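Undergrad: The structure that follows is given in the form of structure tokens.
Derivation of every value follows stated rules applied to the coordinates shown; laboratory data play no part. Just so you know, these numbers come straight off a predicted model, no measurement behind them. As a convention, Cβ positions derive from the backbone with ideal geometry for all residues, glycine included, and neighbour counts pool all protein chains shown.
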Amino acid sequence: MNLKLRAYFLISLLAICWGTIPLIIRTSNISPLSLVGIRTFLGSIFLLLFVFKQRGISQKLFNSGFVLGPLLAIHWSTMFKSIELNSVAVGIGLVFSYPIFVIFIEIFRGQKVAKSQILIILTGFLGLFFLLDISSIVSPIGVLYGIISAISLAFLIIYGSKKSKEYGGLNVAFVQIIFAAICLSPFTVSGFQWMLNNLAVSLFLGFFLTGVGLATYWYVVKIITPLSVGTITYLEPVTGVVLGSLILNETLKGFQYIGFGLVIFAGTLQVYLDSK
């Protein structure tokens, strides 16, 4: 397996694993902000164990945390609120409109974006739109949270991908999450007792989905472009919607299955074209 195919395999697996997060949000009797705080707190502890051994945190990378951390805190907080206020399909679907914003930002920055890449992104987004099921929207403020989450994630990916190539994915993941943890520390304190009472879920969310997940993510964006990553991570909302229907009894309509097909098609096409 060549380097690009390995990167695509890792990001696909990661996206599927991250698709379990909406289930945690909807089944936990704790505020979304406290849940995000716990996630960043435990994730930063996990990454700290590895970063100290490498000693690869330079002053410039540390300073970038003032941008990376708040962006991550905003992205996760608004995503969790969006999923709480609407269905999993609506909440996570809105968040994963972010590749569209990545395209706009890249074009604004003067970067060339291949027409084929734009077509793949739009195909995946069309599938995501079908998954979204706008008729089930019950909270306009939840929609706003989802859009804010998508925009903050777009900026985070573009800014962080350059840092990852320069300083390494593990180091960027640590700086990012430690600053986010500081931003969210008041919410972490309020949810500390819940974390102790639900240690298995907390460790799964903080250590695996966050610590391992972020390190893997920033490793991948060193190899493939943010737009390519965006196409594959459409698998996250697909997984979230499927789990929502199976476990939370959220209803799926016929056109949502078409959305599944379009997302899978876009991801497969992305891997095929990029690995030739």
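Undergrad: Please list the helices of the chain that count as membrane-span-like by this rule: a mean Kyte-Doolittle hydropathy of at least 0.0 together with Cα atoms stretching 30 Å or more along the helix axis, each helix being a complete DSSP H run.
TA: 32-54, 59-85, 140-167, 254-274
Undergrad: Under the rule of -39500 (n - 2.57) per DSSP H run of 4 or more residues, summed and divided by the residues of the chain, what mean residue ellipticity at 222 nm is obtained, to the nearest 500 deg cm²/dmol?
TA: -25500 deg cm²/dmol
Undergrad: Show me 228-236, 90-98, 116-124 ranked by packing, highest mean number of other Cβ atoms within 10 Å first.
TA: Ranked from most to least packed, the peptides come out as 90-98, 228-236, 116-124.
Undergrad: Let me ask something else about it. Quick one: check the C-alpha center-to-center distance for region 128-146 versus region 148-195, whole angstrom.
TA: Rounded to whole Å, the Cα centres lie 25 Å apart.
Undergrad: Could you tally the net charge around Gly230, taking each other residue with its Cβ under 14 Å from the Cβ of Gly230, Lys/Arg +1 and Asp/Glu -1?
TA: That sum, taken over residues with Cβ under 14 Å, equals -3.
Undergrad: Which one, Arg39, Arg109, Arg26, has the greatest fluctuation when you compute a Gaussian network model over the chain with C-alpha springs under 10 angstrom?
TA: For the chain, modelled as a Gaussian network with Cα springs under 10 Å, the answer is Arg109.
Undergrad: OK, next. List the relative contact order of the chain as a percent without decimals, with contacts defined as Cα pairs under 8 Å and 6+ residues apart.
TA: Reported relative contact order: 39 percent.
Undergrad: So which residue, out of Leu246, Leu35, Leu170, gets the largest mean-square fluctuation from a GNM of the chain using Cα contacts under 10 Å as springs?
TA: Leu246
Undergrad: Straight-line reach from Lys222: which lysines fall under 19 Å, measuring Cα to Cα and dropping same-chain residues less than 8 apart?
TA: Within the straight-line limit of under 19 Å, Lys222 reaches these lysines: Lys4, Lys60, Lys112, Lys162, Lys163, Lys165, Lys276.
Undergrad: Which one of Ser164, Ser28, Ser149 has the biggest mean-square fluctuation once the chain is modelled by GNM with Cα springs under 10 Å?
TA: Ser28
Undergrad: Quote the FRET efficiency, to the nearest 0.05, computed for Phe129 versus Phe52 with a Förster distance R0 of 51 Å and r equal to the Cβ-Cβ distance.
TA: It comes out at approximately 0.70.
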